[in-house]
Amino acid sequence: MIFIKSVWQENSKIKEFPKLSSNKKTDVLIIGGGIAGILCAYFLDQQGVDYILVEARKIGMGITKNTTAKITFQHALIYHKVVKNYGLEFARQYFEANKMALYIYKKLCKNIDCDFEKTPAITYSVCDSKKIEKEILALEKLGCTSQFLSEIPIPIRISGAIKLANQAQFNPLKFIANISQNLNIYEDAFIREIRSNSAFTENFKIRFQKVIIATHFPFMNSHGSYFLKMCQSRSYVVGLKNATLVDGMYVDEAQGGMTFRNYKDLLLIGGGEHRTGKNCGGYDSLINFIKAHYSKSEKRYFWATQDCMTLDDIPYIGQYSKNTPNWLVATGFNKWGMTSAMVAAQILKDLIIGRKSSFSEVFSPSRNILKPQLFVNLGETFVNFLTPTVKRCPHLGCALKWNSQEHSWDCPCHGSRFEPDGKIIDNPAKKDADV
């Protein structure tokens, strides 16, 4: 049988939580029940903080269910770039934050049935071994030992690869199912507006002292300029039965490259990346690769995911904007949602309880935005504002594009997605589209 959903959904069961049925008041409101929001709730709960988490649908059933769930501080070839752009100390803080995240997962998962296993992370380059060498050198400066590989056990010819031992992978929905059991959560609570210290669903109001917006893409446009600072990228996964398994998690350093990891007796191959709203890549490139190299395998799972991409490959975690001191945000995880979500939970917990975080500057949402990607985002928005069509995104009015592979209406500006009848799938849009 072929499943058009992630393997995690077939191997997990998360309890249902009550719906919001009245107005509420809380010290901390967390909006968004993906892994970032759940981790924030979990650690605030441990601190005895008064909080409520609200999720528009069901927890874990947004972007989190579609991750490939790699827990690693090797985020492609991030470190030599950060050293070059921001300096060694900045890179050290990024490294230490994500190293801490991996450590906390290892500690938590000792007592959780979530298919957690230690495994190496390998980032490879098809055409440029010098990039790999630069990354190894950057990690050495940070006190981290890595290994250069000239060959890897996947059917792709490479120029070189970097290997980090003792990273990890797991089933993210099993993990969420466990840690969410006793949290204060309300489901089917779609927050449509935030004004001052109140958040509003269609029928109810929640008053708060502080709010954490962990909704994948921030939906409040009046502050923070996230619609300029981020775009969204789609990528695809096929789960194969009877395929040669790999030892580790393999990631191409190049945009649009392929990823590989095991889950039990399945080989999960990812790729086909493209900016949301662009008709390129997708499942076709994966299927062609599988036909060429895994012709005897059986395709069992198909799914796609969506990632928020920042201007400099570093997430935005902290104060939502300079003008909103009581609003906090966790977004822009750049395909590394597992460690980034844990980093976010630690930083935001510290900010809420009044403890200084040594990592807050690195991830500050108010850092300089004058990066080349900003002008790419502006150009894409300008073109799609001017595209003549009646099918517009209700977020900021960009022209919607038909996604023929997934049968959805997608926004190439900011990544909102809608069913064929206009029902919202992915934010930052806050309502259905008129299609």
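The values are calculated or read from the model by the stated rules, or taken from the named source; none is laboratory data. If you're wondering where the values come from, they're calculated on a predicted model, not measured in any experiment. Here the Cβ positions follow ideal geometry from the backbone for every residue, glycine too, while neighbour counts run over all protein chains shown. The protein model used for the area step is the full one, side chains on, heavy atoms only, and it has no ligands, DNA or RNA in it. Shrake-Rupley method; radii C 1.70, N 1.55, O 1.52, S 1.80 Å.
Hand me the list of strands (runs of 3 or more DSSP E) wholly inside segment 205-269 holding 2 or more residues that are open to solvent by less than 20 Å² (accessible area, probe 1.4 Å) and closer than 20 Å to residue 40 by Cβ.
On the way: elements: 205-213, 230-241, 249-252, 259-263.
Result: 205-213.
Residue under question is residue 333, and the condition is that it be open to solvent by 10 Å² or more (accessible area, probe 1.4 Å), in a loop (DSSP other than H, G, I, E, B) and among the aromatic types (Phe, Trp, Tyr); does it hold?
yes
Conditions: (1) small (Gly, Ala, Ser); (2) open to solvent by less than 10 Å² (accessible area, probe 1.4 Å); (3) under 25 Å from residue 254 (Cβ atoms). Residue 37 meets all but one. Number of the miss?
Just one mismatch for residue 37, condition (3).
Just to be sure, is residue 378 open to solvent by 40 Å² or more (accessible area, probe 1.4 Å) and either in contact (Cβ under 8 Å) with a residue 24 or more places away in the chain or within 30 Å of residue 29 (Cα to Cα) (or both)?
Values: open to solvent by 40 Å² or more (accessible area, probe 1.4 Å): yes; either in contact (Cβ under 8 Å) with a residue 24 or more places away in the chain or within 30 Å of residue 29 (Cα to Cα) (or both): yes.
Here the answer is yes, as residue 378 does meet what is asked.
Just one of 375, 382 is modelled with pLDDT under 90 and part of a helix (DSSP H, G or I); which is it?
On the way: 375 fails: modelled with pLDDT under 90.
Unique residue meeting the criteria: 382.
Would you check which residues across segment 271-304 are crowded, with 20+ Cβ neighbours inside 10 Å and part of a loop (DSSP other than H, G, I, E, B) and list them?
276, 277, 282
Considering every residue within segment 102-117, establish whether at least one is in a loop (DSSP other than H, G, I, E, B), of a type in the set (S, T, N, Q), on the phi < 0 side of the Ramachandran plot and at pLDDT 95 or above. Reasoning before the result, please.
First, the residues of segment 102-117 that are in a loop (DSSP other than H, G, I, E, B): 110-116.
Now drop any that are not of a type in the set (S, T, N, Q), which leaves 111.
Cutting the leftovers down to on the phi < 0 side of the Ramachandran plot gives us 111.
From what's left, at pLDDT 95 or above: none.
Looking for residues that are in a loop (DSSP other than H, G, I, E, B), of a type in the set (S, T, N, Q), on the phi < 0 side of the Ramachandran plot and at pLDDT 95 or above, one finds none in segment 102-117, hence no.
Can you tell me which residue is farthest from residue 60 (Cα to Cα) among those in segment 161-201 that are hydroxyl-bearing (Ser, Thr, Tyr) and more than 23 Å from the chain's Cα centre (by Cα)? Spell out how you get there, then give the answer.
As a first pass, look at segment 161-201 and keep what is hydroxyl-bearing (Ser, Thr, Tyr): 180, 186, 196, 198, 201.
After this cut, where a residue has to be more than 23 Å from the chain's Cα centre (by Cα) as well, the list is 196, 198, 201.
On the way: 196: 28, 198: 24, 201: 20 Å.
Applying the filter and picking the extreme gives 196.
From the list 5, 25, pick out the single residue that is of a type in the set (D, E, K, R), under 17 Å from residue 199 (Cα atoms) and open to solvent by 20 Å² or more (accessible area, probe 1.4 Å).
On the way: 5 fails: under 17 Å from residue 199 (Cα atoms).
Going through 5, 25 in turn, just one is of a type in the set (D, E, K, R), under 17 Å from residue 199 (Cα atoms) and open to solvent by 20 Å² or more (accessible area, probe 1.4 Å): 25.
Kindly indicate whether any position in segment 216-239 is touching a helix residue (DSSP H, G or I) at 6+ places or on another chain (Cβ under 7 Å), at pLDDT 95 or above, among the small types (Gly, Ala, Ser) and under 22 Å from residue 271 (Cβ atoms).
Yes: segment 216-239 contains one or more residues that are touching a helix residue (DSSP H, G or I) at 6+ places or on another chain (Cβ under 7 Å), at pLDDT 95 or above, among the small types (Gly, Ala, Ser) and under 22 Å from residue 271 (Cβ atoms).
Between a first residue in segment 122-140 that is closer than 19 Å to residue 259 by Cα and a second residue that is open to solvent by 40 Å² or more (accessible area, probe 1.4 Å) and among the aromatic types (Phe, Trp, Tyr), which pairs have beta carbons less than 7 Å apart while being 6 or more apart in sequence or on different chains?
132/148
From 356, 401, 322, which residue is free of Cβ contacts under 8 Å to residues at least 40 places away in the same chain, open to solvent by 50 Å² or more (accessible area, probe 1.4 Å) and more than 22 Å from the chain's Cα centre (by Cα)? Explain how you work it out, then say what you get.
Working: 401 fails: free of Cβ contacts under 8 Å to residues at least 40 places away in the same chain; 322 fails: free of Cβ contacts under 8 Å to residues at least 40 places away in the same chain.
Criteria check complete, one pass: 356.
Need pairs with beta-carbon distance below 7 Å; first residue in contact (Cβ under 8 Å) with a residue 24 or more places away in the chain and on the phi > 0 side of the Ramachandran plot and within segment 413-435, second assigned to a loop (DSSP other than H, G, I, E, B) and hydroxyl-bearing (Ser, Thr, Tyr); sequence gap 6+ or separate chains.
So the pair list comes out as 415/276.
Of the residues in segment 389-398, how many are open to solvent by 60 Å² or more (accessible area, probe 1.4 Å) and touching a strand residue (DSSP E or B) at 6+ places or on another chain (Cβ under 8 Å)?
Start the filter on segment 389-398 by keeping residues that are open to solvent by 60 Å² or more (accessible area, probe 1.4 Å), which leaves 390, 392, 396.
Applying the additional criterion that residues be touching a strand residue (DSSP E or B) at 6+ places or on another chain (Cβ under 8 Å) yields 392.
Of the residues in that region, 1 qualify.
Of the residues 305, 276, 339, which single one is more than 30 Å from residue 196 (Cβ to Cβ), among the β-branched types (Val, Ile, Thr) and in contact with a Leu (Cβ under 7 Å, 6 or more places away or on another chain)? Show your work before the answer.
Numbers: 305 fails: in contact with a Leu (Cβ under 7 Å, 6 or more places away or on another chain); 276 fails: in contact with a Leu (Cβ under 7 Å, 6 or more places away or on another chain).
Of the residues listed, the single one that is more than 30 Å from residue 196 (Cβ to Cβ), among the β-branched types (Val, Ile, Thr) and in contact with a Leu (Cβ under 7 Å, 6 or more places away or on another chain) is 339.
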